[in-house]
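Student: I am attaching a structure below and will ask some questions about it afterwards.
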Amino acid sequence: MAENEWLNKDFYKVLGVSQDASQEEINKAYRKLARQYHPDLNHDPGATEKFKEISEAHDVLSNADQKKKYDAIRQFGSGGARFTAGPGGFGEGGGFSDIFSSMFGQDQGAASGFSDIFSQFGRGAGRARRSPYGYGGYSDPRDLDLESSVDLSLRQVAMGATVSLKVNGTLIKTKIPAGVKDGQTIMLKGRGSQDPVTGARGDLYLEVHIAPDPVFSMEGRDLVRDLPLTFPQACRGDSVIVKDITGELLKVKVPAATSSGTMLRVRGRGCGTSPKGDLLLRVQILVPKPSEAVEKALKDLEGADPETEKLAEEGRYRT
């Protein structure tokens, strides 16, 4: 867009920022709007034209020299500086060109005219380029980035997985490393949108969501599951068989006198790599249903272990 059209454009309003906004605020507003109205992502009528306006505004306001000239032109257009027309054309005492030369240190000459003044404003502004989506196009590489999400089972998290997902109408297949966390974002280099002018590609930011598992839970790189034991097994100790997250059967030794809530650790059966987490088995002692045999056994147990009864009593009074 030619600079002589700047008088009719409010680039600050287009980006939704104030005139004293910082460069960071300008860039942030631009990135948000660019993602919202990018023609590859937004197929609504008018999105392409809106994206063009956003790109034009950012191209000017993100360039210090262009922004300075734009602010000066807006100031004159809004009546911030006033002059009157005389016999020689624009203004008093040298005219329109003298006013701008005093501002920018440029001697244009009184007869150079309105168009010559604006042509000087355009020099050195070759940073922006023109694309099919309007002047400036993807001037910020981050505008090519895309965001998506993927749902994983806890088994996929523990073992790693190759998943297929459709992003922006394109089917993508990618590997998810073992041990990712719920809510974690994975960057897939070069899997975002492609610039139709330069061929450059953005990145895809994939947010991970882990579905709850009915048996296992995750604590860091460790996996946790309950280990049900009968009362005799907990008292005498035992060797029991338990499944890990992959379905493999493991033989686990339960020490004698194991209390409910005790954690038994099986090394290297958790999530991730280097190092891999562990499988934690949380002991849950199953209380038998009342019966004559159970009642008789309980009477035989009463007073059989005074030390245990003493510890239980102390625990009840502990605060």
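Student: Which residues' amide hydrogens lie under 5 Å from the amide hydrogen of L152, considering only partners 5 or more residues apart or on another chain, with H built in the peptide plane?
Tutor: Here the answer is H209, I210, A211, since their amide H atoms fall under 5 Å of that of L152.
Student: Can you list residues whose amide H is under 5 Å from R221's amide H, if they're 5+ apart or on another chain and H is modeled 1.01 Å from N?
Tutor: Long-range HN contacts for R221: none found.
Student: Taking the Cα centre as origin and putting +1 on Lys and Arg beta-carbons and -1 on Asp and Glu beta-carbons, what dipole magnitude results for segment 252-303, to the nearest 20 debye?
Tutor: For segment 252-303, the charge dipole is close to 440 debye.
Student: To the nearest 20 Debye, how big is the dipole of segment 161-309 about its Cα centre, given +1 on the beta carbon of each Lys and Arg and -1 on that of each Asp and Glu? Write down the numbers at each step before the final one.
Tutor: Working: 21 positive and 19 negative charges, 205 e Å.
Dipole of segment 161-309, to the nearest 20 debye: 980 debye.
Student: Check cross-link reach from K67 to the lysines: straight Cα distance under 29 Å, and skip same-chain residues fewer than eight apart.
Tutor: Straight-line reach from K67, under 29 Å: K9, K13, K28, K32, K50, K52.
Student: Assuming a strict under-28 Å limit between Cα atoms, what lysine pair count do you get for segment 231-300 once near-sequence pairs (fewer than 8 apart, same chain) are dropped?
Tutor: 9
Student: Would you grab the residues whose amide H sits under 5 Å from the one on G237? Only those 5+ places off in sequence or on another chain, please, with H modelled 1.01 Å from N.
Tutor: Long-range HN contacts for G237: A257, T258.
Student: Going by average Cβ neighbours within 10 Å, how do the peptides 50-61, 288-299, 256-267, 272-283 rank, with the highest at the top?
Tutor: My ranking of the peptides, most packed first, is 50-61, 272-283, 256-267, 288-299.
None of the figures in this text is laboratory data; all of them are computed from the coordinates on show. Everything numeric in this text was worked out from a predicted model, so none of it was measured. Cβ sites come from the backbone with ideal geometry, for glycine too, and all protein chains shown count toward neighbours.
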